Amino acid sequence: MLSPAKKFKNVCPKCCKSVYAAEEMLAAGQKWHKTCFKCGLCQKRLDSTNAAEHGGELYCKQCYGRKFGPKGYGFGQGAGTLSMDTGAHLGNTETQMSNKPTDPNYG
């Protein structure tokens, strides 16, 4: 069964209420309320320049990078650093990749 947001084009996918032209924000091929157009992790208000979408959820570019971006040596905070920030302080409990070694000889 499709959610109301998938059935009707003028329904916000976050709150499933009607979106009118004066309050609409466009992203991921859907219309959102200005108040619903915020990051799924840090709740920061978004605009068209800092919004990223994954799996129907909106993220700011920084949280999107933390959750879905590359991890490890040379990624994250600049060249030559190991980024251990997974966004746990923002409520992120899962990441696509782990910073832990996959070799059983290591910790």
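Give me Rg over Rh for segment 9-70, both radii from the alpha carbons and Rh done the Kirkwood way, two decimal places.
When Rh is taken as the Kirkwood radius, the ratio is 0.97.
So, in nm, how far is label Lys9 from label Phe68 when the simple model puts each one 7 Å beyond its Cα toward the Cβ?
Each label point lies 7 Å from its Cα, and together they span 2.4 nm.
Since every read-out is calculated from the coordinates, none of them should be taken as a lab result. All values reported here derive from a predicted model rather than from experimental measurement. FYI the Cβ positions are ideal-geometry reconstructions off the backbone, even for glycines, and counts take in every protein chain you see.
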